[in-house]
């Protein structure tokens, strides 16, 4: 049975605890060895606006400090995040991208119009070599999105060979002539993107056949390719049903897209929003849980051994662009509201990692819910960046179920209801970590933690703000940044944590 399209967090109920304290049980006995894959904290970089040019890449001749063309401030900030996987070159751009345009001497590369994103001229100075070398600098896995919409099986097959083959073939020799002797390691290969929309406006039956054809010719050279099907847009469960039946174990994963958006026709401001809009955005955010459950139910029925994974390889908030910016460049600010969305999303993803093996927020720099914003030589970290940095302790940690009843908060008219608290826990290297998201705009919340042994202290950081609309910009500086968490105390009943209103808290408990 399919669940409702918008589902509240199953760990919450509609009534607040009577004593004002939320009892959270870290159920160590229920832990089954399931690991939260580090790839849940993946990133996405598309040739869109200034994500690549001016964001990741400025070129070797730029006055902005750089390492081989990669701007140093951004590079160093991303290293601190321990980025596990980076998706490229799109997005919609992927199915207009022809890899041969982006190799060889940069000054001789083909210039094209980026018709998906504002008609900007794309000079292809950032291509295969630049992307894969960036992944090596970051120590992350590259995730290549292949062109199915306007490409051919031969084109994708030769791109895979160019990147990963150490043979003496003409294609591999072309890579060597362009300056790269040893093949790169490429694990993740997406067979198209949003085939139901900008990737070709296909029917699932037609796309399934194309997937089977394309993957026949994308061969393994330096290691087995992990092949990813272009999956559904949020609640399109028929797409998943068709692909599971028609492709089956010829794919390693299905990629699902889900954006936290008010209305596709009227997305609203990223910074100037009402309390009602805040509540509706959170409702849409937690609605991903019911969406995930429904897709997983189909996959469990057709693949009970869980051989095929589910990837949420595009997710995050989507608002109107900032005033005065190019509508096709999707540049938006990131407030404390976005940080709340990020924390809620991670806490949901953690619960389903028996299927979900990767998630990629859209996007890494200067686009949508970005980690980093740049303006010429200036760079800043967004509230969303700080959530990723705080949550990195959960990368490859063992998931621990939690039990609690925190109640919910409601909109002024009672029409919208969302969890008051969201909690997740995991252990890694002998340490236990807990993350708590308080969605309440006005009230702090007290949490009483218990586990299989007595807990006495909690050390970590909290991200909050004086106002939910606060953000970091190049004028007012770093207003939203993590601070040491000082809200814990020992009581007769154990360990109590008081988390501020509208906050994300990550602590080690012991």
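The values are calculated or read from the model by the stated rules, or taken from the named source; none is laboratory data. Everything numeric here is computed off the predicted structure, so don't read it as measured data. Here the Cβ positions follow ideal geometry from the backbone for every residue, glycine too, while neighbour counts run over all protein chains shown.
Tabulated values for the structure
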quantity: Where residue 116 falls short, out of the listed (1) surrounded by fewer than 18 Cβ atoms within 10 Å (Cβ to Cβ); (2) part of a loop (DSSP other than H, G, I, E, B); (3) modelled with pLDDT under 95; calculated: (1)
quantity: Test: residue in segment 353-364 that is surrounded by fewer than 24 Cβ atoms within 10 Å (Cβ to Cβ), in the same structural domain as residue 310 (by TED's automatic domain parsing), in contact (Cβ under 8 Å) with a residue 60 or more places away in the chain and under 24 Å from residue 24 (Cβ atoms); calculated: yes
quantity: Per-region count, segment 423-452, residues closer than 18 Å to residue 398 by Cα, in contact with a helix residue (DSSP H, G or I) (Cβ under 6 Å, 6 or more places away or on another chain) and assigned to a strand (DSSP E or B); calculated: 3
quantity: Filter result (in a strand (DSSP E or B), modelled with pLDDT under 95 and surrounded by fewer than 16 Cβ atoms within 10 Å (Cβ to Cβ)) within segment 474-510; calculated: 477, 489, 490, 491, 494
quantity: Options 75, 81, 138; residue that is at pLDDT 95 or above, within 21 Å of the chain's Cα centre (by Cα) and under 18 Å from residue 186 (Cβ atoms); calculated: 138
quantity: Lone unmet requirement of (1) modelled with pLDDT of 95 or more; (2) within 15 Å of residue 303 (Cβ to Cβ) for residue 248; calculated: (1)
quantity: Filter result for residue 147 (modelled with pLDDT under 95 and in the same structural domain as residue 328 (by TED's automatic domain parsing)); calculated: no
quantity: Test: residue 471 is within 26 Å of residue 333 (Cβ to Cβ) and in contact with a strand residue (DSSP E or B) (Cβ under 8 Å, 6 or more places away or on another chain); calculated: yes
quantity: Filter result (without any contact (Cβ under 8 Å) to a residue 40 or more places away in the chain and in contact with a helix residue (DSSP H, G or I) (Cβ under 8 Å, 6 or more places away or on another chain)) within segment 24-67; calculated: 65, 66
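For (1) farther than 21 Å from residue 369 by Cβ; (2) in contact with a strand residue (DSSP E or B) (Cβ under 6 Å, 6 or more places away or on another chain); (3) surrounded by fewer than 21 Cβ atoms within 10 Å (Cβ to Cβ), each residue gets a yes or a no:
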site: 386; (1), (2), (3): no, yes, no
site: 394; (1), (2), (3): no, yes, no
site: 399; (1), (2), (3): yes, yes, no
site: 410; (1), (2), (3): yes, yes, yes
site: 413; (1), (2), (3): yes, no, yes
site: 417; (1), (2), (3): yes, yes, yes
site: 420; (1), (2), (3): yes, yes, no
site: 423; (1), (2), (3): yes, yes, no
site: 426; (1), (2), (3): yes, yes, no
